[in-house]
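Note sheet for the following structure.
Readers should treat all values here as calculations from the given coordinates under stated rules, not as data from a laboratory. In this text, all values refer to a predicted model and were calculated from it rather than measured experimentally. Cβ: placed from backbone, ideal geometry, glycine included. Neighbour counts: every protein chain shown.
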């Protein structure tokens with residue numbers, strides 16, 4: 001499958017947060033992806049199949065019609081994964097196994113694009129974090145993502161599956177159920193926001209930029225069989241986000257509550273993403289403020 005080959009793209013879990021932005025990327029390029037998702041086709045996508053990733057026969061039949069598979073289905077909440085490890089294993093590890101087996105069952109070449117996580121690096125000692133840093137998963141979610149990466153490499157080595165693994169840092173955007181959304185929800189109610197690590201630096205990357213990274217991973221062949229960091233490349237202190245939110249909601253306030261667990265900073269080295277994907281994310285702080293303001297206005 002080369003640069004000029006026709007891309008027949010399947011997005012599993014495509015009706016979700018990143019998937020909706022990703023569809024627009026492909027449509028603007030003249031590629032109409034097929035979405036495979038449990039959710040009903042309420043948005044009237046041109047090519048939509050309602051289905052379960054664990055319905056193997058249905059999934060395999062759909063996968064066989066496509067040469068690029070983007071697997072977005074799974075449990076992305078690390079806290080939920082810690083509380084329900086079996087649920088995380090099923091939705092993250094077993095769902096991937098179903099996709100990999102579907103890819104293996106066809107003689108046609110397949111390319112899989114998979115969202116991994118910066119959580120795999122654990123608590124890094126050096127910043128920024130490069131892709132060749134050792135994996136040091138510390139919780140259930142990061143361990144399951146690590147297992148998923150190893151499964152993909154095994155299918156590449158044994159069955160010739162092409163892949164791109166994107167290690168996502170802290171994704172933010174309107175209607176994303178992340179830390180910023182939590183801050184906004186509490187602030188809108190006038191509730192005090194408790195932060196356990198306000199002085200940590202995290203790498204926040206806009207969901208639209210993440211969608212573009214998936215799009216380019218599908219369209220560019222030079223990223224094949226690589227693990228690539230997807231972040232903004234800059235660190236934002238959690239305190240800065242708390243202050244942004246409290247500026248918008250004058251009744252809101254935040255407090256720092258110390259916990260026994262160790263805090264740490266996490267910032268991506270995005271050199272490889274720039275080289276292989278021509279990745280140029282938005283400037284984090286100004287753009288983040290704009291997104292937070294827009295989300296606040298939508299909730300009024």
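Miscellaneous remarks
- For the chain, the relative contact order works out to 18 percent when only alpha carbon pairs closer than 8 Å and six or more residues apart are counted.
- Acute angle (nearest 10 degrees) that the helix 284-299 long axis makes with the longest principal axis of the chain, alpha-carbon atoms: 90 degrees
- Averaging the sequence gap over all C-alpha pairs within less than 8 Å and six or more residues apart, then dividing by the number of residues, gives the range 79-214 a relative contact order of 27 percent.
- DSSP-defined antiparallel bridges as percent of all bridges, the chain, nearest 5: 5 percent
- Rounded, prolate or oblate (a/c below 1.5 giving rounded, otherwise prolate when a/b exceeds b/c) for the range 32-113 by Cα gyration tensor: oblate
- Calculated [θ] (222 nm, deg cm²/dmol) that DSSP helices of n ≥ 4 give over the chain, each run adding -39,500 (n - 2.57): -11500 deg cm²/dmol
- Value of D in µm² per second that Stokes-Einstein yields for the range 91-249, Kirkwood Rh from Cα pairs, at 20 °C (1.002 mPa s): 123 µm²/s
- Which of 65, 101 has the fewest Cβ neighbours within 10 Å, and the rest in rising order: 65, 101
- Extension gain, residue 199 back to residue 271 (0.36 nm per residue minus Cα-Cα distance, nm): 23.4 nm
- The mean sequence separation of alpha-carbon pairs under 8 Å and at least six residues apart, normalised by the residue count of the range 212-286, gives a relative contact order of 51 percent.
- Gyration tensor verdict on the range 166-241 (Cα atoms; rounded if a/c is under 1.5, prolate if a/b is larger than b/c, oblate otherwise): prolate
- Cα→Cβ-extended label distance, 7 Å offset, between residue 286 and residue 65, nm: 4.5 nm
- Each of 103, 34 has some number of other Cβ atoms within 10 Å of its Cβ, and from fewest to most they run 34, 103.
- Between residue 157 and residue 47, the distance separating the two model label sites (each 7 Å from Cα on the Cα→Cβ line) works out to 3.3 nm.
- Overall form of the chain per C-alpha gyration tensor (a/c, 1.5; a/b vs b/c): prolate
- For the range 160-187 and the range 197-220, distance of Cα centres in Å: 8 Å
- Computed from label points 7 Å out along Cα-Cβ, the spacing between residue 104 and residue 147 is 1.6 nm.
- Sorted by Cβ density within 10 Å, fewest first, the residues 32, 120: 32, 120
- Between 0 and 90 degrees, the angle of helix 140-159 with respect to the longest Cα principal axis of the chain falls at about 20 degrees.
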